[in-house]
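Data block below; observations after.
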Amino acid sequence: MMPQSLLQLASQKCTTGCPILDRLLGGGIPCDSVTEIVAESGSGKTQICLQLSLHVQLPVSHGGLAASSLYLHTEFPFPFRRLHQLCLSFRSSNARYFPINDNLCDRIFVQSVHSVDHLLEIMSKTEPFIENSKTQVPVRLIVIDSIAALFRSEFDNTPVELKRRSSLFFKISSKLKALAKRFNLAVLVTNQVVDLMGPNEGINGLRIGNLGCLYTSGRRVSPALGLAWANCVNSRLFLSRIEEVIGEENGKLNGESSDFVFKKTRRKLYVVYAPHLPESSCEFEITREGLFGVER
């Protein structure tokens, strides 16, 4: 039987900062694992990444890892303004856990990434950085936001290039998994979507995991980077959004009659596949204070 201390270590997770989302995810984002969030632009991928980078700093007794994070961003510019906004809210809610003069953003090491080669270069330096870090707060979270941006235009659609791309997927994945295992890190990677044309079933229809295919903004989509990358992550989450009409009104604009349509964005998080989670989903909303699940 596994000793209790090792059992706790093996199942350690980092809170998302929301009890509803944590319940859906079995406690949060798992350590010693690579978790991917797939969504179209503006769905909340970066919001979750920023939020997790703050909540990883919480004590273990309150769902965090008492740790700092390494945030690798490929989408420019980095949302420093939003991070500081979330940080103010986070500190206000958790002031008792941190010294009053601590700048919690200093515990998020932000690094821009410009290419696949640049990412591999950074990752080769990550292990000694974690080992030799002078900070008393260890790095226990790595974020890559987003992986798809690095492969968007760097490779041609030829057999040779696709083979080289797949090889790089596995190289990046193996490095991330080795780091996660050695330092018991949580790794969170974001991915984009592409419009899906073709059958609902099979590889092109993403018959991988719980969902036959994915829908967002009224479109059928598939995670970018294809099947090769799908095999590189341990868990896949999907964020969807839909514009819902909540009312209509007749009025005048510049002296002319006009119809006004009022819409509300409904957002949902799905577990596509994960070794430790059942098929499940929940609604969520994005506010000034962060991203939070909604119970219906």
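The values are calculated or read from the model by the stated rules, or taken from the named source; none is laboratory data. Keep in mind that what you see is a predicted model, and the values were worked out from it rather than measured. All Cβ positions, even for glycine, are placed from backbone atoms using ideal geometry, and neighbour counts span all protein chains on display. Remember, those area values only see protein heavy atoms, side chains included, never the ligands or the DNA or RNA. Shrake-Rupley method; radii C 1.70, N 1.55, O 1.52, S 1.80 Å.
Assorted remarks:
- Residue match in segment 151-159 (condition: open to solvent by less than 40 Å² (accessible area, probe 1.4 Å), in contact (Cβ under 8 Å) with a residue 40 or more places away in the chain and either over 13 Å from A230 (Cα atoms) or not aliphatic (A, V, I, L, M) (or both)): yes
- Segment 279-296 - residue that is out of contact with any helix residue (DSSP H, G or I) (no Cβ under 7 Å at 6 or more places or on another chain) and modelled with pLDDT under 90 and, of those, surrounded by the most Cβ atoms within 10 Å (Cβ to Cβ): E279
- Unique residue being in a strand (DSSP E or B) and modelled with pLDDT under 75 when the list is E248, E244: E248
- Residue check, S115 open to solvent by less than 60 Å² (accessible area, probe 1.4 Å), at pLDDT below 95 and touching a helix residue (DSSP H, G or I) at 6+ places or on another chain (Cβ under 7 Å): yes
- Single residue of segment 79-111 satisfying the filter (in contact with a strand residue (DSSP E or B) (Cβ under 6 Å, 6 or more places away or on another chain) and outside any helix (DSSP H, G or I)) that is surrounded by the most Cβ atoms within 10 Å (Cβ to Cβ): I108
- Some residue of segment 31-38 being open to solvent by 10 Å² or more (accessible area, probe 1.4 Å), at pLDDT 95 or above and within 20 Å of F129 (Cα to Cα): yes
- Looking across segment 128-159, the residues that are within 27 Å of I48 (Cβ to Cβ) and of a type in the set (S, T, N, Q) come down to S133, T135, Q136, S146, S153.
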